[in-house]
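Here the structure comes first, spelled out in structure tokens, and everything after it is commentary.
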Amino acid sequence: MTDVAVLGGGIGGLTAAHELAERGLDVTVFEANDRFGGKARSMPIADESAALHGEHGFRFFPAFYRHVVETMERIPTDGGTVADNLVETEATLIASTTAPERIAETSTPDSLRGWLEALRPAFAEDLPRDDVRFLLERLLYLLTACEQRREAELDDISWWEFIDAENRSAEFRDRLAYATQALVALRPQVGSARTVGTIYLQLLFGQLDPSEPTERILNAPTNEAWIDPWVRHLETLGVEFRANTPARGLAFDGRRITGVELADGRTVAADEFVLAVPVEVAPAFVTPELRRAAPALGRIEHLETAWMNGIQFYLSEDVELTRGHQVYADAPWALTSISQRQFWTDYDLERRGPDDVAGVLSVIASDWETPGIVHGKPARECTREEIAEEIWAQLKTHLNAVDQRLRDDMLVDWFLDPSIIETENGVENRSPLLINTVGSLRNRPPADVGVRNLTLASDYVRTNSDLASMESANEAGRRAANAVLDRRGGRGRAQIWDLREPAVFEPLKRQDRLRYRLGLPHPAAVTQSLRGVTRRLGERV
Ligand SMILES: Cc1cc2nc3c(=O)[nH]c(=O)nc-3n(C[C@H](O)[C@H](O)[C@H](O)COP(=O)(O)OP(=O)(O)OC[C@H]3O[C@@H](n4cnc5c(N)ncnc54)[C@H](O)[C@@H]3O)c2cc1C
């Protein structure tokens, strides 16, 4: 018996546990895996204490993240907090097999030239003037549309349609359609204009805001830098952790949850239950009775996932590339990477095995459907070995155009996400990632679904950023904790922040709110270049 049973120890579950334990509740976290952190976890690549770590994929923290960073500021380390382990990136390398490499600065501009460079991706000279004008109109539309309009109109069309990508120049498509896909799992053709547009603006503001680093990453593998200190801190607050303890189902008496059934057959009673398992697992917990009591739970199964998984190449030389991300523009498997050693200053590579490792190139593949260049098959149809060979080959075609930055003799070992399991027909992914799709907002449940003692705390819950991310998972955990606290009374509530947009647009948003209530279109919907798009949308409806 515990006050609160949290099912799932990823970012969402740990956040809910943190907020509740700080306010004096007894919390027990039941986790299926042997380690906590969920998709954000890192893990030793061999069964020895001094092994190197592998990750499901590298992590980045853009400037607009507030919830997850504030939680990190509340996790103590020797002489500081876990948030001190975040380090700023400086530049993104855009490598191509057909064009010269480009470097996009990610540090906040400190000179006029720097500002011009920062704005270049959106307004560069090689974009046709018509495209630039159109883009400005679209961004202004978004910035001045009230939240109700964004939700009602812009969640039902794709970003691709909204920016009329089909009828624009190839440069425009590269900069605006694919820009968000490279860094966050937002696909321009399927992601909604509301979400992709909002996040695009957040990333843009983040780059221009001198008060915040544009993007940060951790100075060691995630568990070393963040998750392990977090678990230790929660233990000091009295949280009990049960690793290797999957939950199987919830017992519901028509009004409240009466217990959680564990996979080993035991049943655990609690006053409150926080379901913090991923989106593809949650529907198994929703019985027909629960679905009747809380229809929002039944809609979770309509949310969609895609494959996005990482591999680490351990190298005998440190290949630094840029101090930030690398984006491989023509890689059929949509690759991005980070060369970790320059950031992992708090992690002694030399003292860990295999002995001759001097660098770690961590790569994420976001397209598992397009055939590769070595085996001619999509990643889904390859063996694990073939996946590693193929990704390595795609990296080389991009990075070795000018000089031999990656050589086969450098490759000491690799570690592919263990969620990728070999089957007879290729691989299966046991840990897919939620993706934003057109119209998906209505299927995202709130943390408080309306069952007396059940809340949800995972990245698919409706949050301000609506993006499958550690930020959303953290916000969801806070919302779940607040729902529990509202029911039980007691001290304080976890803080929730809105996304910040420049205050200068507020009066226009207010005006649009009024127009929306009166059933009038947004003023920009009648401007010249938008007519084509709105007409096509009208025809489709
Ligand atoms: C390759 C990749 C890179 C990413 N990079 C970033 C990034 O740079 N920045 C960012 O913000 N986000 C990133 N994300 C997204 C982010 O990792 C996730 O959105 C976030 O970690 C989800 O947290 P969660 O708690 O909702 O779910 P999860 O991390 O999925 O945690 C759920 C937990 O529940 C456990 N569980 C499952 N079934 C059961 C069961 N039956 N009983 C008990 N426990 C169970 C799981 O083992 C897991 O620990 C990335 C995702 C991927 C896939």
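The values are calculated or read from the model by the stated rules, or taken from the named source; none is laboratory data. Because the structure is a prediction, the values reported are computed rather than measured. In this analysis, Cβ positions are derived from the backbone assuming ideal geometry, glycine residues included, and neighbour counts consider all displayed protein chains. In case anyone asks, the SASA skips ligands and DNA or RNA and just uses the protein heavy atoms, side chains included. Shrake-Rupley method; radii C 1.70, N 1.55, O 1.52, S 1.80 Å.
Working note: Karplus 6.51/-1.76/1.60 with θ = phi - 60° gives segment 293-307 the couplings 5, 9, x, 4, 5, x, 7, 4, 5, 7, 6, 10, 10, 9, 9 Hz, where Gly and Pro are set to x.
Grab the other residues whose beta carbon is less than 13 angstrom from that of Asn400, score K and R as +1, D and E as -1, and report the net. Taking every other residue near Asn400 into account, the sum is 0. Against the empirical 2.2 N^0.38 Å (N residues), segment 355-446 has a Cα radius of gyration ratio of 1.34.
Here Glu506 sits with roughly 70 square angstrom of accessible surface, probe radius 1.4 Å. Largest first, the residues Trp226, Trp160, Trp414 sort by 1.4 Å accessible area into Trp414, Trp160, Trp226.
Per the Kirkwood definition applied to all pairs of different Cα atoms, how many angstroms is the hydrodynamic radius of segment 1-112? Provide the component values of the computation, followed by the final result.
Details: mean 1/r = 0.0569 Å⁻¹.
The Cα-based Kirkwood calculation yields 17.6 Å.
Between Thr383 and Ala243, the FRET efficiency estimated from the beta carbon spacing at R0 = 35 angstrom works out to 0.75. Taken over segment 239-281, the convex hull of the Cα atoms encloses 98 Å³ per residue. Tally Lys/Arg at +1 and Asp/Glu at -1 over every other residue whose Cβ is under 15 Å from the Cβ of Asn244; what's the total? Taking every other residue near Asn244 into account, the sum is +1.
Taking amide hydrogens as placed 1.01 Å from N in the peptide plane, the amide H of Glu369 sits under 5 Å from those of Ala379, each at least 5 positions away in sequence or on another chain. For Ala51, the residues whose modelled amide H falls within less than 5 Å of its own, excluding neighbours fewer than 5 places apart on the same chain, are Gly353. From most to least packed by mean Cβ count within 10 Å, the peptides 484-497, 262-275 give 262-275, 484-497. Once the Cα-Cα distance is subtracted from the 0.36 nm per residue extended length, the Thr397 to Thr345 segment shows a gain of 15.8 nm. Shown for segment 426-510 is the translational diffusion coefficient from the Stokes-Einstein equation, using the Kirkwood radius over Cα pairs, a temperature of 20 °C and a viscosity of 1.002 mPa s: 144 µm²/s.
Eigenvalues of the alpha-carbon gyration tensor of the chain, scaled by 5 and square-rooted, set the equivalent ellipsoid semi-axes at 35, 32, 22 angstrom, largest first.
Is any residue of segment 148-167 close enough, with backbone N under 15 Å, to a label point placed 7 angstrom from the Cα of Asp130 along the Cα-Cβ axis, and if so, which? Label zone hits: 164-167.
A simple spin-label model places the labels of Glu101 and Ala46 3.1 nm from each other, with each point 7 Å out along Cα-to-Cβ.
Each residue of segment 341-356 was assigned a 3J(HN,Hα) from its phi angle through the Karplus curve 6.51 cos²θ - 1.76 cosθ + 1.60 (θ = phi - 60°); the sequence is 4, 4, 9, 7, 6, 9, 9, 8, 4, 5, 8, 10, x, x, 4, 8 Hz, with glycine and proline shown as x. How many percent of all Cα-Cα pairs in segment 332-490 sit more than 24 Å apart? Tail of the P(r) past 24 Å holds 55 percent of the pairs.
Only aspartates and glutamates eight or more places from Lys396 in sequence, or on another chain, were considered; those with a Cα closer than 14 Å are Glu101, Asp330, Asp408, Asp409. Spacing of the modelled spin labels on Glu137 and Gln189, each 7 Å from Cα toward Cβ, amounts to 2.6 nm. Binning all Cα-Cα separations of segment 50-100 at 10 Å, short to long from zero, yields these whole-percent fractions: 18, 33, 33, 12, 5.
For segment 200-311, the ratio of Cα radius of gyration to the globular rule of thumb 2.2 N^0.38 Å stands at 1.47. Stretching the chain fully between Asp355 and Phe505 yields a gain of 48.4 nm (0.36 nm per residue, less the alpha carbon separation).
What are the semi-axes of the equivalent ellipsoid of segment 151-241, taken as the square roots of 5 times the eigenvalues of the Cα gyration tensor, listed largest first and rounded to whole Å?
Working: eigenvalues 264, 56, 31 Å².
Equivalent ellipsoid semi-axes, largest first: 36, 17, 12 Å.
Excluding same-chain neighbours fewer than eight residues apart, the aspartates and glutamates reachable from Lys509 by a Cα-Cα span under 16 Å are Glu137, Glu147, Glu151, Glu153, Asp498, Glu501. Estimated at 0.36 nm per residue, the fully extended path between Ala263 and Glu422 surpasses their Cα-Cα distance by 54.8 nm.
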